[in-house]
Amino acid sequence: MMKKQKLTFHLLPNAHLDPVWLWDWREGLTEGITTVKTVLDLMDEVPDLTFNRGEASIYRHIQRYAPDVFARILEKVQEGRWDVVGGTIVQPDSNLSSTETLCRQFEAGLEYFQRELGVRPRIAWQADSFGHPAGWPNILRSFGMEGFMFTRPQREQFTMASPLFWWKCDYQDRLLCYRQHYKWYCSQRANMPKILDITLEGASAQPYRNVSVLMGLGNHGGGPTRRNLADVAQWAQEHPEVEIVYSTMHRLFEALQAEIKGAKAKSVPEQRGEFGYCLRGCYSSVQRFKSLFRQAEAVLPVAEASQALIGSSLELPRAISLDEAWDGLLFNSFHDILPGSSIERAIDDQMAWTGGIVHQSQKALLGAMSVLAAQVDTRVPPPPDPDKPKDVPFLIWNPSPATYNGPVELEASLDYRPLWDYEGRPDELKLHVIDGRGRHLPFQRVATEHNSMPHLPWRCRVVAEVEIEGFGWKCVRLGIAETTAKPSAAKDTGTACQARRTGLPSISHPLWRLGLAKGGKLSVRHKERPFFSTLSGLRLMVVDDPWGSWGGMVEEPESYCLDTVREHWSVTASEVLESGPERSVLWTRWGGERSWCDLTFYLNRSTNWVDVRGRLLWNERSARLQLCLPSEGDARCDVPGSVIERTERGQVPVGRWFTRRNKTGDCVGVFSDNLSDADFLPRETRLTLARATRYATDVSIGATEMPWLAATDCGELKFRLALFGDDTDPENLVTKSLQAPVALPVTPGEGSLPPSGSFGTIRPASVRLLSAQAVEGGLSIRVQNRSSRKAQATFVWAGKKYSLGSLGAKEIATRRIETGRSSGLNHS
């Protein structure tokens, strides 16, 4: 037998720094300067000492406010002793962020490192993020990452025989990954001998001769200490069988890649799927921040794409720069901000920051649509009486590449003052909705967003049925009808939404029927059959949850299998709010002793799913509210970058949707744009709506203990979800919800573009648009093939076809499209 080569321990000095956690962002970024300066001073004393540092946000802060320190970093990079790793802006939470947010982490981070430090990291690095989704290797490989190093989940939560493994992508690619023998990414001041002993024990049982040893104080910065270095030197003298070198992550992976060539390549195991879960309480802690973050995460790419796409076809001289908005979104995806594990003061700061991202995005979207509106024919005919008001024109913009068929809400003031002729009889005022070709569109008048002067018509609101091509627009006008005209696209009453006359409030639709049943329960039927596995239907309950921000710190089963019920809620009030040919709405209130929740169900004529809008007044402690959906079987879940099948219960992170089955085998699907924590029991799914833990605590606290400590999410929370069956493609639902048409009342004018049209599309439908950015001379388009098969993707723009290449299953691709225009590059 061939004798094993000598072990080489690659010591990897680092200083994990949470920019926000038990401190705020100001303290965190400032500590970056202190830590780096301290490490540089030590490197000057110890010529062979190396250092590994990621996170562009830290470098950028140092560059701006301590340029002398930044210059010293550049010197060490040139010497090969300072390794720039990770490639991201921060170390993000990779379970709760969207696919595009994670892609943008690498795109923006790598661009910064290349431009300012002259290097492009090839090794991704996540020290402390709480698990990694199945689509993580898809994302990393799409940005040229050759390796991934991480420490969570630790061995106690996720057992693997080998520290080195290949992580298989959904398509035919894979990523070399490493999780070291010692469980933590940092060292204490006095435990380096223990870390080295544990590493030697583990490495001796493995065939790989190159071994990682992370070292250095961390979490609030720090880095290697003189005591660490002295202990390493002493240990090396006592273990001459091990070669000790101060190294870098890139050198470690280069050595491993060289080592596993040839016969040893077969010894490297291959893994598929996800590497979660850990610290599961984070998937629902501080829901109010998660909801705001998801709102920003949805509107920012839409605003950016709208500026880029409209600017690529029209002159857009005053495009609003969204660079700071993206910087903010990426920073706030950090793994102690988005998971809700920071102190209250820090969370308040990040809420304010994220709210600014939403506003900046809305401002950019308004600018792009205003430019488009100025070029579209939005004229309205004069009224028969010159002293009467004109119709109000609306421009509706579809930022999605897919054609939209569905409802759009329009609300406007019909005149500059209330219509006094209809005082006391506002319902007698007749309205119309007419498109640019003069066709009357089907619509339904609904309640306005205000409740002022209900006896007087002034502002009116309607829900209208429209069709808009992908990347397209449509101009419609809302106004006072002189005569009642039959809509040109009217449907027969068999497809209408309506309230049912059953004695209890209920609404129906050709596919759905929802109504109150005896005992304060809600019945949901789909295609004339019970939608859920039991006749009791959906329900709400409060369960005890005394665990801290992270849940169980060592994954205690009782921390994620929460079965102690504090309250079962039932419907205490209900009302049919709307009933008509386009939409029916059922409002329900569910109550407990201290809290209550409104669930309002919407049935739209042209959609196959049930929209649900929730408003929760939450006043609990050491508890969580769960929406219980009777369902069974494996759960198919959307996750960042992929789709995964799950078979075991426990609080787990879900992306935008998941599906299970009812007892007859029909699909029970749930979409949500802001809820991300589900527990899949054998006969029921429990979706967490709110969690009342304490801020930044890792200990269990009972409901009546320490009442002076604020409970998270106390107050009003809003959320949205949808229920769907087999007749709905969840990917289509995601597109229609997150890239929904935007309606804007505009100034009438004669433009060169027709009242409706389209700039282009993306084919086939299985290829989802992740982002569209303006670049010099054209567009940068990022897409993902969401199907399980290869797809030949094509971007159609201004009548010209641009190939996006052949994309494997779940593959992400970024392509530059040369349109010859500098779309939206003149920022203001």
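The values are calculated or read from the model by the stated rules, or taken from the named source; none is laboratory data. Note that the structure is predicted; figures quoted are calculated from it, not measured. Reconstructed Cβ throughout: ideal geometry from the backbone, glycine too, with neighbour counts over all protein chains shown. Quick note on the areas: whole protein, heavy atoms, side chains included, nothing else; ligands and nucleic acids left out. Shrake-Rupley method; radii C 1.70, N 1.55, O 1.52, S 1.80 Å.
Segment Y65..T704, full-extension length gain: 225.4 nm, with 0.36 nm per residue of separation and the alpha-carbon distance subtracted. Put simply, the amide H of G805, placed in the peptide plane, has neighbours under 5 Å in A793, leaving out anything fewer than 5 places away on its chain.
Computed across the chain, the Kirkwood hydrodynamic radius from all distinct Cα-Cα pairs reaches 28.8 Å. Ligands, DNA and RNA excluded, the heavy atoms of S313 present near 40 Å² of accessible surface to a 1.4 Å solvent probe. Per residue, the convex hull spanned by the alpha carbons of region 136-267 comes to 131 Å³.
What net charge do the residues around D544 carry, taking every other residue with its C-beta under 15 Å from that of D544, with Lys and Arg at +1 and Asp and Glu at -1? For residues surrounding D544, the net value is -2.
Rounded to the nearest 10 degrees, the inclination of helix 226-238 to the longest alpha-carbon principal axis of the chain is 50 degrees. Packing here is the average count of other Cβ atoms within 10 Å per residue, and on that basis the peptides 424-431, 220-227, highest first, run 220-227, 424-431. Think of each Lys and Arg Cβ as +1 and each Asp and Glu Cβ as -1; about the Cα centre, that makes the dipole of the chain roughly 1980 debye. Simple point charges give the picture: +1 on the Cβ of Lys and Arg, -1 on the Cβ of Asp and Glu, and for region 1-71 a dipole about the Cα centre of about 520 debye.
What ranking, highest mean first, results for peptides 746-758, 344-356 when packing means the other Cβ atoms within 10 Å averaged over each residue? Intermediate values should be presented prior to the final figure.
Working: 746-758: 15.0, 344-356: 17.0.
Packing proxy ranking, top to bottom: 344-356, 746-758.
Label-to-label distance, R589 versus A447, with points set 7 angstrom from Cα along the beta-carbon direction: 1.2 nm.
With only the Cα atoms considered, region 222-305 has a convex hull volume of 271 Å³ per residue. Couplings 3J(HN,Hα) for region 474-482, derived from phi with the Karplus relation 6.51 cos²θ - 1.76 cosθ + 1.60 (θ = phi - 60°), are 8, 9, 10, 10, 10, x, 7, 8, 6 Hz, where x marks Gly and Pro.
Here the Kirkwood formula puts the hydrodynamic radius of region 1-116 at 15.7 Å, using every distinct Cα pair. Placing unit charges on the Cβ atoms of the charged side chains and taking the dipole of region 278-324 about its Cα centre, the candidate lying farthest along the positive direction among Y283, A296, L314 is Y283. In region 333-470, taking the dipole from charged Cβ atoms about the Cα centre, the farthest positive-side position among I337, P382, P457 is held by P382.
Starting from region 372-423, pick out the chymotrypsin sites (Phe, Trp or Tyr not before Pro) whose DSSP state is loop and whose Cβ has at most 16 other Cβ atoms within 10 Å. Intermediate results must be reported in sequence, preceding the final value.
Details: sites: F394, W397, Y404, Y416, W420, Y422; in loops: Y416.
Listed in order of number, the matching sites are Y416.
Treat every Asp and Glu Cβ in region 709-809 as -1 and every Lys and Arg Cβ as +1, leave all other atoms uncharged, and give the resulting dipole magnitude about the Cα centre to the nearest 20 debye. Mind dumping the intermediate values first?
Working: 11 positive and 8 negative charges, 100 e Å.
Its charge dipole is roughly 480 debye.
Projecting the Cα atoms of M43, N95, L7 onto the charge dipole of region 1-107 (Cβ charges, centred on the Cα centre) puts L7 farthest toward the positive pole.
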